[in-house]
Every structure is written in C-alpha cells, then in structure tokens.
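Worksheet: the structure to be examined is printed underneath.
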C-alpha cells in the first residue's frame, strides 16, 4: 500500500514476483495524508498469512507513528518503507506555506525506542528484511529527494485548485 505523495511514486517502482508470499494490495491510494500507518495495521491484522508492504512518507508517518507499537505487540511481519524527503512535500507542491514545515525525526531510532527490545523488530536494509529477518516487523528509511513525477503532479493539482504556487 502507498501513502499519497512521493511514497506513492516510489512504491510504484517496487516489483514483487507473483506467489512471493507478500500481500500486494491493489495500490491503495487515498487523497489524504496520514492514513496509511493505521491502514497497514488493519490490513496486516487481516492478512496474517502474508507480509504486507507499505510505502509511507515521513510527514504522514508523524501523524500516526504510535501504531507501530500495536504492530509490534501483535507481532506483525510487515515491511515499512519510510520515504523521507524532509516534510509534507506533496502539500508543498500543491499549496506551500509555513504549516508544511516539520521537524525531521530519527525515524529508525524512534521505532527502535518503541520496540524497546520486546518482540521482534528490525530497522535495516531490504536484503535483510527479505532474508534473515522475515519473521519480524521491518522498518526501512529511504532518504530521497522529491521525484520529478511528484513535482509534475503537484503542479497540475495546484493549477486545478486555482491556487498559485508560493513564489519562493
């Protein structure tokens, strides 16, 4: 599943083989930010025989990060790709303003703190997540610049909303 914004454009690049045992929901896309961490929690609760993969933006993750605690308690084996592009980038592209500035977190440190050595959790690279650590929640932070696809899409949405972009 993919959050709205750069995480959606990046998640489209993930290609998983058929029958790989991962839950590949139809690309769940909702025109809002902040919904995907809770949606991942719910989807993983129902797809207990599969490993659910989610691409979530850093700003969106900050809205409901505490749901990771429940994922750990319920022993989910999901893979979370956190796409860290430094803020509410989708919102900046549509309608910029000071409300789009967020504090960058130590995301893997936060998940490690929530994990606190109880249960199974791994904050690592994809080779480890699909290899040695398939039996636990895996959290992978990807630091990335804004994709050209998001810039183009944001420009079209901004024009459709009749709001001129910030002249910065």
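Structure data summary
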quantity	calculated
Residue in the stretch 75-103 that is surrounded by the fewest Cβ atoms within 10 Å (Cβ to Cβ), counting only those that are at pLDDT 85 or above, in contact with a helix residue (DSSP H, G or I) (Cβ under 7 Å, 6 or more places away or on another chain) and farther than 12 Å from residue 139 by Cα	102
Residues that are closer than 26 Å to residue 131 by Cβ, without any contact (Cβ under 8 Å) to a residue 24 or more places away in the chain and part of a helix (DSSP H, G or I), drawn from the stretch 30-69	46
Residues (in contact (Cβ under 8 Å) with a residue 12 or more places away in the chain and loosely packed, with under 15 Cβ neighbours inside 10 Å) located in the stretch 109-118	118
Selection from the stretch 127-157 of residues that are in contact with a strand residue (DSSP E or B) (Cβ under 8 Å, 6 or more places away or on another chain), touching a residue at least 24 places away in the same chain (Cβ under 8 Å) and not in a loop (DSSP other than H, G, I, E, B)	129, 137, 138, 139, 140, 141, 142, 143
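The values are calculated or read from the model by the stated rules, or taken from the named source; none is laboratory data. Since the structure is predicted, the reported quantities are computational estimates derived from the model, not experimental observations. Every residue, glycine among them, receives a Cβ derived from its backbone with ideal geometry; neighbour counts consider all protein chains shown.
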